[in-house]
Amino acid sequence: MHCPLCLSSQTTHYFEDQKRNWLYWLCCNCDYVFRDQLSWLSPEEERARYQTHNNGIENPGYVEFLMPVVKALLPFLKKGDRGLDFGSGPGPILDILFKREGFTVQNYDPYFAPLDFKNSVLFDFVTCTEVFEHFYHPERELKAMKSLLKDKGYLVIMTQFRNSSLDFNNWYYRMDNTHVGFLSSNSLAWIAKSWGFEILSTQASIAVLRRRA
């Protein structure tokens, strides 16, 4: 079994949810935990699941949930910077929140806002909020996100990071059937080192990275 993040074959069985028939693997190289692809949803099932989300600008709870992403990135931005919301979903709001701060953000989502990467401009920052845990092929998605960033551009990852103290069996974040991969702080450090990023700040669930020139 190869790790979908670092592509290493150094993986081992991590956990089995017998009730749901979900099997998880741990990568011994990058510390990424991922669910076996036999339990992935079909594209049709995945899209239908996302369409049930109530994540629009009219949802004050979700706005409050995402505001820390804006606040974490603002100290690093300069006037005129332009961003991309990678995995914006059916009801994007980060573009609205950043617009209020004077920045333009384009939305990208494979289901709801497709984008031709080959013809895309480069961005000063890319946000990946509550999306990384959905990636079936995180190595491929990281490659895409980095290719869309200018040199010294910023990548913001918001996800619930796995740590050694949590009860993985009862972890609410794992129960979502669209959540198939879980980063740890070690995984984040591996991404920074292997993909040419510098970690500028980390909070409970938000990391700001800068692409090295």
### Query
Considering only DSSP beta bridges with both partners in the chain, what is the antiparallel share in %, to the nearest 5?
60 percent
### Query
In percent, how large is the relative contact order of segment 110-213, given Cα pairs closer than 8 Å and 6 or more residues apart?
31 percent
### Query
Comparing Thr52, Thr202, Thr127, which has the greatest mean-square fluctuation in the GNM of the chain with Cα pairs linked when under 10 Å apart?
Thr52
### Message
No partner Cβ under 4.7 angstrom, meaning no disulfide-compatible partner by this rule: which Cys of the chain qualify?
### Response
Cys28, Cys128
#### Entry: Top of Ile157, Ile96, Ile199 by mean-square fluctuation, Gaussian network on the chain, Cα under 10 Å
Ile96
### Rel. contact order, % - alpha carbon contacts under 8 angstrom, at least six apart, the chain
19 percent
### Query
Counting Lys and Arg as +1 and Asp and Glu as -1, what is the net charge of the other residues whose Cβ lies under 15 Å from the Cβ of Ala48?
-3
### Summary
Burial-style ranking of 23-33, 185-195, average other-beta-carbon count within 10 Å with highest first, yields 23-33, 185-195
### Query
GNM, the chain, Cα, under 10 Å: largest mean-square fluctuation among Arg174, Arg49, Arg82?
Arg49
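Could the peptides 39-45, 103-109 be put in order, highest first, of the mean number of other beta-carbon atoms found within 10 Å of their residues? If you can, show how the numbers build up before the last one.
Details: 39-45: 11.6, 103-109: 18.9.
Result, highest mean first: 103-109, 39-45.
Every number here is computed from the coordinates shown, using simple stated rules; none is lab data. Not measured: the values here are computed from a predicted model. Cβ coordinates were reconstructed from backbone atoms using ideal geometry, including for glycine residues, and neighbour counts include every protein chain displayed.
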